[in-house]
Amino acid sequence: MKAALRWYLPLAIVAATLNLRPALLTLGLVLPAIQSSLHLSPFGAGALTALPIFALGFASAIAVPIGRRLGWSGGLLFALILVGAGTLLRSVGSDWTLYAGALTLGIGIGLGNVYVPTLVKARLATRIGVAMGAYTMMLTIGALTSVSITPLFIARFGDWRPTLAVWALPAFAAALIAIPLLADNLWPQERVAGMGLWRNPLAWAVSTFMGLQSGIFYAIALWFGALVASRGIPLPDVAADLTVFYFTQFLAALITPIVLTKTRRQDILAVGVTASNGVFIVAILYGPLPFGYAACGLLGLSMGAMFAVALTFPVIRARTTDSAARLASMALCVGYIIASIGPLVLGLVNRGADARLPSTVWLLFLVLLTMTAASFAGRQRFVDQLETT
């Protein structure tokens, strides 16, 4: 890597990573306004929250072929442009642009989810734990910033369209910052011998864990406002709960990858942080209201840790950069297709007067499945060793 870019790369990665959450998560705060404005049905609202997550999986499947044409850095630039363009398109205000924009930004975020860890593996291999901790922390800081500021935009603009559109600006800014990385672009190998990941049980365990934990996260992130508001909590307090939820996530996201790479029982750590999510979900939806703020903070810690584990597994379960890129591509492809079911089902069960019970049952079911996947994905092996041709 060129010396001039060695110090610039972390800046570009930080800028890109900060834009891999806001376009998705700000939707949850304005979803009731969109439903009212465009008269969306419960299925339409559920589909709107599930579509970009499904697109994350589709994008992950095509990330490596696009990387062969554009390089890893070129692919990251392309991804950021898609995020900005999709965010603007979604904000136009018609039904078709709403869904087309959601699909476009989902593809951009899905590509970025593959390219950033790949660049980390390739360029920062000697500090994987610290680098992945910083990566997951930036993801959660992006989420925290977006959900904290969005209520101010709602109050300022009085409309959901400009409130969502404003998040295209940092995405385009990050694309500009990524341009210098093209001076030392990194290209994947055309073919890696023995990369039979689709017949690899460890790769499937990593992918399933990625998908199920993402299903829990996006179901909570996109429907949290509606669920908590059903308990009579006003919007400013809901926004405050979400703020503490995302704030504590970035603390766990920074530390967990470092702990994960040093412990010998990664399966126990993965199962433990996953199980704690179920406890705090119940506390938020059924516990005393005064305890809700603290429960949101604790859920943020456990979910941030679970998310950090899921993002780190594709990197540490492979020996080489190309193996890690392909494992990340598979994990995110399979994972986000699974993850799209989380918010979709939660949207369907949110029809009744009190949707907390079916929502809680669904979320706890996802937690149990995720714990099972974590127990297999946490075994310290490498996909490079187990693959069959």
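Computed from the coordinates by the stated procedures, all read-outs in this text should not be read as laboratory data. Owing to the predicted nature of the structure, the values given are computational and were not obtained by experimental measurement. FYI the Cβ positions are ideal-geometry reconstructions off the backbone, even for glycines, and counts take in every protein chain you see.
List of remarks:
- Candidates Ala102, Ala85, Ala79: the one that is over 19 Å from Ala175 (Cβ atoms) and assigned to a helix (DSSP H, G or I) is Ala102.
- Residues of region 19-63 satisfying the condition of being over 18 Å from the mean Cα position of the chain (by Cα) and buried (at least 20 other Cβ atoms within 10 Å of the Cβ): Val30, Leu31, Ile34, Ala45
- Taking the listed residues Ser276, Ser359, the one that is closer than 23 Å to Asp241 by Cα, surrounded by 20 or more Cβ atoms within 10 Å (Cβ to Cβ) and of a type in the set (Ser, Thr, Tyr) is Ser359, with no other qualifying.
- Near pairs, Cβ below 7 angstrom, 6+ apart or cross-chain, from region 270-289 (over 22 Å from Ser207 (Cβ atoms)) to any residue that is polar (S, T, N, Q): Ser276/Ser302; Phe280/Ser302; Ile281/Thr360; Val282/Thr360; Leu285/Thr360
- The residues on offer are Thr87, Thr145, and the sole one that is crowded, with 24+ Cβ neighbours inside 10 Å and among the polar types (S, T, N, Q) is Thr87.
- Pair list, Cβ under 9 Å, 6 or more apart: region 34-49 residue closer than 14 Å to Ser91 by Cα, other residue among the aromatic types (Phe, Trp, Tyr): Ile34/Trp160; Ser37/Trp160; Leu48/Tyr99
- Any chance Gly215 is closer than 18 Å to Pro151 by Cα and either within 21 Å of the chain's Cα centre (by Cα) or among the small types (Gly, Ala, Ser) (or both): no
- For region 103-120, residues that are touching a residue at least 60 places away in the same chain (Cβ under 8 Å) and farther than 16 Å from Leu77 by Cβ total 3.
- Scanning region 261-283 for residues that are among the charged types (D, E, K, R) and in a helix (DSSP H, G or I) yields Lys262, Asp267.
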